[in-house]
Protein chains: 4
Amino acid sequence: MSKTMLAAVLHGIKDLRVDERAIPELEPGKALVRVRRGGICGSDVHYFEEGRFGSFAVTAPFVLGHEVTGEVVAVADGVSQPAVGQRVVVNPSRQCGHCDYCRNGRGNLCRNVRMLGSASTKPPTNGGFSEYLLVGAEQCFPVPPQIDDGLGAMIEPFAVALHALKRVGSVVGKPVIVTGGGPIGLLTVIAARACGATTIAVSDPVAERRQMALQVGADSAFDPTEASFKDQVAALTGDGFEILFEASGAVPALKQAFEVVRRGGTIVQIGVYSAPEISLPVNQLLVRELQFVGSFRYGNVWEEAIRLVASGRVNLQPLISRVLPLKQAAEALALACAKTGVVKVQIDLT
Amino acid sequence: MSKTMLAAVLHGIKDLRVDERAIPELEPGKALVRVRRGGICGSDVHYFEEGRFGSFAVTAPFVLGHEVTGEVVAVADGVSQPAVGQRVVVNPSRQCGHCDYCRNGRGNLCRNVRMLGSASTKPPTNGGFSEYLLVGAEQCFPVPPQIDDGLGAMIEPFAVALHALKRVGSVVGKPVIVTGGGPIGLLTVIAARACGATTIAVSDPVAERRQMALQVGADSAFDPTEASFKDQVAALTGDGFEILFEASGAVPALKQAFEVVRRGGTIVQIGVYSAPEISLPVNQLLVRELQFVGSFRYGNVWEEAIRLVASGRVNLQPLISRVLPLKQAAEALALACAKTGVVKVQIDLT
Amino acid sequence: MSKTMLAAVLHGIKDLRVDERAIPELEPGKALVRVRRGGICGSDVHYFEEGRFGSFAVTAPFVLGHEVTGEVVAVADGVSQPAVGQRVVVNPSRQCGHCDYCRNGRGNLCRNVRMLGSASTKPPTNGGFSEYLLVGAEQCFPVPPQIDDGLGAMIEPFAVALHALKRVGSVVGKPVIVTGGGPIGLLTVIAARACGATTIAVSDPVAERRQMALQVGADSAFDPTEASFKDQVAALTGDGFEILFEASGAVPALKQAFEVVRRGGTIVQIGVYSAPEISLPVNQLLVRELQFVGSFRYGNVWEEAIRLVASGRVNLQPLISRVLPLKQAAEALALACAKTGVVKVQIDLT
Amino acid sequence: MSKTMLAAVLHGIKDLRVDERAIPELEPGKALVRVRRGGICGSDVHYFEEGRFGSFAVTAPFVLGHEVTGEVVAVADGVSQPAVGQRVVVNPSRQCGHCDYCRNGRGNLCRNVRMLGSASTKPPTNGGFSEYLLVGAEQCFPVPPQIDDGLGAMIEPFAVALHALKRVGSVVGKPVIVTGGGPIGLLTVIAARACGATTIAVSDPVAERRQMALQVGADSAFDPTEASFKDQVAALTGDGFEILFEASGAVPALKQAFEVVRRGGTIVQIGVYSAPEISLPVNQLLVRELQFVGSFRYGNVWEEAIRLVASGRVNLQPLISRVLPLKQAAEALALACAKTGVVKVQIDLT
């Protein structure tokens, strides 16, 4: 293979260029992946539009992207898995495997984690919108033929949703609501359905998103800005939902959460807020004995996510709105910035 | 209403008669149910064919049946739920609500439990194959119109399966196997699918049952008497299933269980054995750190079971093989004795 | 016995009188208890000082008290447990045993609960500062001779602490902190120690309370108003506590909680706030994947609490500061109002 | 330092020699430990007496020992923890950190595990009865000064017991029994007490062991060969223990287990059997809804174990019966073979 590759590099706010870069060289314990498809995440959009994601400011040009699928083209000596030629999805979060969090099965909280396509390090860590990507062998999860490149690049965001489900134990036969009908909200609906929840409701002020939620498996969809919202919830559930997934990052959604969840219920926080603090009715948490839990990335749900998609139990295809070639990466990012009209935009690197 | 009713009374081995009996009178805290449909369970078959079920010998004539759906026709003073006129399924197991097991959410182990249609008491406790049935108000679970009488009478055996699933925590995205393709085995397949398991395999020596298992949602079906069984399991799963539900009550199935479950896996016992003891490789349990857990009846899964059926997430209709009127109760029992050709036989009491 | 008894009745703010009242008559399923000792709880103090507890305003005179031990003097027909003559502690919270919460082992959230000595009903429900008390048979838990009257009346508040511990699963070998060194905070220290936590820290601005915390088993005690508080936490724990029990009801304590708990940690809310809402850093909950859980009363910890005290594993004696006779009930309440100098004040009804 | 060291090498049955061997050289990611104390485990005794441990036969001379404490004398480049000079205990089981078991917090079932002082590999893997030991940096857990060399070498067997406790969730306030009063049984008593169990019983046919169990914290001790054993259990517990830890590896103990555990209870298997299969009353597991779970080595309990010992919550000192210098290693092994008179024998390598 040639020594150089193309990659979508963020040079500044709204300044994304397809640059030629050196193909990374193999290192011990690693695998070199020929990337075939990359999905655009909300954090990519934030870096692109604002030059920062939360507290992580971009300090140098770097390659975006962390939702990728590809093919293994080389592995270091001694690496038995994955094999060269295997199609894989990549867990963009490299865990050390040995700190106390990793040993306890909470590798998403690893003390030494390194995340692809992220400005959380200085300089930023390059991501996956590049023809070749060097990752730890253990970050590669083989996928069967039923999972094509597009679906493969959906596994990462689906893992976020599946991890959120895992945070609440069983939802089987239980009424749940997802607040927020963006990509992660929709994936949470799909995950909740795969996990046996019933009834599944979605709330979002945007009609198009409610419509999409119903298409991907929600049983009902509410506009939370309607005055009758709480009455509608009561009509559907009696005394409220057992579990609420907050996937909007909208302050009013979280405040409402404490009202639409029943006694003993659980609120799972997935959405990120721009506000540093939010006023909450803590006494309600106490006297109604609620659980309010954060859900961060994906613990250890990769094999489960792959099996659910490969078996056809879940269908992520409807969420892929547009696929553009690498050379149009900047256009793809601009498209993804739109909050409506598209769910997931992907970049084709083949 | 008239003062008498008809009921299917077991007088001796294979001696089931439709007798006229007094309609029970209301008691405090109770509801009178006009039974509309009753399913025949394996224990009914044992009482009918052998005059006993395990250690419970029939000591006096009694009404069989505990899988029932009906309509509430009267409730005692002060009972607020269910309401007269509501269609309900009946939990045949009356729990005291206050012993240490009940308080801990393990009401299926209640110290003071009383089971309908059972010879565990002396004299036996009458069951539900009678036009009217007096039960505790809290034993009645209202069902929506989507659940017709036939599906309603399937909720009880489905609750057995759902409880077994609940005993293992999450099965989402995990490979599971059900050993035994009888009614409970098939219901376990359906429950496992509703709970997100993938892949789901079934093993049964009878081809017809394997076929039925595939129809209701199993991904693959094995004949465990084939020499290549273990190779087939390895081809499908690599190193074995994560969870095995033993629903056959066949000794070879349990012995194989310890070989087809992977390290760290769980075996759930649902089937009853005629043998008092079974030789098991306990060191395997230790060095492979398995869990071997019993699953007894249904803890507290009634609302979940009803919601899963009502929402259409699970379809129990294919398991209802035959429905006969009350006057043909003896024929219905004889039919149910056949191990093949039928899955569930029900009695129509309308 | 005579037909009347003495009881400490709250007639208005700071107007507590020892009145003569009729001894309640037995009802089905109930037990009549000759109360021997009653402890004064924070809610009693609120009713006494302010005429209300949170949103519950006193609408009519009623008997205070819900931390009681006594002797069973009569039981209704058919009640097999407790037996007449048994010494018992009383669970002041009567659960229905049959609603969905009760069936799921979360009886503290029972839909039909009735609480002794509480203005949550209209009229208020009489409590236990009376010579005789009529309660459900299942509310009585026999205690062995090692538990004298004083310790018996400590079981109820200890159950609050033990339930809080139960809300977090295992604390074995884990560093925990209790914020607030009042009666419930001290009992939480004792419970945490019994459950295997190490290290156990307490934070309280009051030196006397920190001293008491160290006496009952805390390993260290902090003044959270000191500028170096966070440095002290870091010196002790590295990156923070794994579990925090918020037992102060002080807003600054909860805000600090999110800073002194490590990634993946749990905050348990026990204390009640006067503020309706509190501003919290919700993004921290998300990116550090915390759990924030309410703990309400006591689920089902009575037998465990009794065994821990009876076995000598925990010693609650040091928390009993003063015992006054029933005729001095008003004095006892006044004493309990003091935030320092006393931990628990009890009333002797023998 | 010199280039050679002394080590206790097993050359054949009962042929243990102190040989001179080369000090291992540092490798990437590793730490070199100057071993100070090593405890003799049952597996060491099996290798010494029989040349095998279960299915693992000794195929070449190797260094015994895996319960060790020492001081770090060198670390590979880039290793930040442990630091040179730190006193550490060594987890003898090296886990890969990245297989599905490791990622799920079940590293004790790691697919790529490598165990010190074990004939499970061919050739056997050398153990820790040698002056220097090369291990993965992540296998070293620093210990504070309160844990001296002897206590440090007790952490590994205590971790076995603590892991068994972790397998059952909470034991707080619950009656438990440990069958078998050998070293692991005694450590399980100590662990159960640290975790809040009450009452704790022990059963062992040997009076000396029962006596020792009472000394280290058991509340009662039974001779299971007495005809009145079950009556004694009933007198103590009513309807049986909630949890049973089988630490004897004796078949009768396991058979009795199903009789002395109450409905809904748990049996934890820690002891290894010489019999390949054991006949068990599986229907009891079903109708009494028991859990029967294996407990293999130690998952992730090292920090907890160290904190419990360092804090003084548990006292392991009474279990250390004898300490002999390395040159008397053969004598030490012979001593450890005795089933009575000693609990734990250690080898001093300073």
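Farthest toward the positive end of the dipole of region A:237-339, out of A:GLY271, A:GLY238, A:LEU254, is the Cα of A:GLY271, where the dipole comes from beta carbon charges about the Cα centre.
Comment: the Cα-to-Cβ extended label point of A:PRO24, at 7 Å, lies 3.0, 7.0, 7.1 nm from its counterparts in the other copies, nearest first.
Here the dipole of chain B is about 400 debye; that uses its Cα centre as origin and unit charges on the Cβ of Lys and Arg (positive) and Asp and Glu (negative).
Bridges between two residues of chain C, per DSSP, are antiparallel at a rate of about 60%. Computed over chain C with a Gaussian network model linking Cα atoms closer than 10 Å, the most mobile of C:LEU109, C:LEU236, C:LEU286 is C:LEU286.
Across identical copies of the chain, C:SER2 has label-point separations of 6.3, 9.3, 10.5 nm, listed in ascending order, with the point defined 7 angstrom from Cα along Cα→Cβ. Given R0 = 30 Å, the distance between the Cβ atoms of A:GLN215 and A:VAL251 translates into a calculated FRET efficiency of 0.65. Treating cross-link reach as a plain straight distance, find the aspartates and glutamates whose alpha-carbon is under 16 Å from the alpha-carbon of B:LYS327, omitting any fewer than eight places away in the same chain. Those aspartates and glutamates meeting the cut-off are B:ASP15, B:ASP19, B:GLU20, B:GLU131, B:ASP348.
Shown for B:ASP231: label points 7 Å from Cα along the beta-carbon vector, and their distances to the equivalent points in the other copies, 5.9, 6.8, 7.2 nm in ascending order.
Mind checking the log10 I(q)/I(0) for region D:176-222 at q = 0.16, 0.23, 0.29, 0.32 Å⁻¹? Debye, one equal scatterer per Cα, no solvent, two decimals. Cα-only, vacuum Debye calculation for region D:176-222: -0.29, -0.62, -1.00, -1.23. Rounded, prolate or oblate: which one fits region C:178-267, using the alpha carbon gyration tensor with axes a ≥ b ≥ c (rounded when a/c is under 1.5, else prolate when a/b beats b/c, else oblate)? Cα axes put region C:178-267 in the rounded bin. Centroid-to-centroid, using Cα positions, region C:1-39 and region B:151-199 are 53 Å apart. With bins 5 Å wide beginning at 0, the percent of Cα pairs of region C:86-219 falling in each bin runs 2, 10, 15, 17, 17, 16, 14, 8, 2, 0. Using a/c under 1.5 as the rounded threshold, could you call region A:57-128 rounded, prolate or oblate? The axes a ≥ b ≥ c are square roots of the C-alpha gyration tensor eigenvalues, and prolate needs a/b larger than b/c, oblate otherwise. Oblate. Counting, for every residue in D:167-176, the Cβ atoms of other protein chains within 10 Å of its Cβ and taking the mean gives 6. Relative to the longest principal axis of the Cα atoms of chain D, the long axis of helix D:155-166 lies at roughly 40 degrees. GNM remark for chain A: springs join alpha carbons under 10 Å apart, and the peak mean-square fluctuation among A:GLU67, A:GLU138, A:GLU25 falls on A:GLU25.
Between exposed trypsin sites (Lys or Arg not before Pro) in chain D, where DSSP calls loop and at most 14 other Cβ atoms lie within 10 Å, what's the longest gap? Result for the longest clean stretch: D:112-338.
Other protein chain C-beta atoms within 10 Å of residue C-beta, averaged over D:268-277: 4.
Taking the 1.4 Å solvent-accessible surface of region D:226-302 as the whole, the part contributed by carbon and sulfur is 54%. Straight Cα distances below 23 angstrom link B:LYS122 to the lysines B:LYS14, B:LYS30, with same-chain residues fewer than 8 positions distant left out.
Looking at region C:51-136, the DSSP beta bridges with both ends there are about 100 percent antiparallel. Computed from the C-beta positions of A:SER228 and D:SER55, the FRET efficiency with R₀ = 45 Å rounds to 0.05.
Rounded to the nearest 20, the size of the Cβ-charge dipole of region B:151-233 about its Cα centre is 320 debye, with Lys and Arg at +1 and Asp and Glu at -1. Per-residue ellipticity at 222 nm, computed for the protein assembly as shown from helices alone with -39500 (n - 2.57) per DSSP H run of at least four residues, works out to -7500 deg cm²/dmol.
Across region D:210-350, Cα-Cα pairs more than 26 Å apart make up 41 percent of the total.
Computed on the protein assembly as shown, the Cα convex hull volume stands at 179 Å³ per residue. In summary, region A:1-126 shows an alpha-carbon radius of gyration equal to 1.12 times the 2.2 N^0.38 Å reference for compact globular proteins.
Based on alpha carbons, the Rg and Dmax found for region B:23-62 are 14.0, 36 Å.
Rounded, prolate or oblate: which fits region D:255-313, taking a ≥ b ≥ c as square roots of the Cα gyration tensor eigenvalues, rounded meaning a/c under 1.5, else prolate when a/b beats b/c? Since a/c reaches 1.5 and a/b is larger than b/c, the shape of region D:255-313 is classed as prolate. Its residue count N sets the reference 2.2 N^0.38 Å, and the alpha-carbon radius of gyration of chain B equals 0.99 times that reference.
The values are calculated or read from the model by the stated rules, or taken from the named source; none is laboratory data. Owing to the predicted nature of the structure, the values given are computational and were not obtained by experimental measurement. Please note: Cβ atoms are built from the backbone with ideal geometry, for glycine as well, and neighbour counts cover all protein chains shown. Each accessible area value is taken on the protein alone, full model and side chains, heavy atoms only, with ligands, DNA and RNA left out. Shrake-Rupley method; radii C 1.70, N 1.55, O 1.52, S 1.80 Å.
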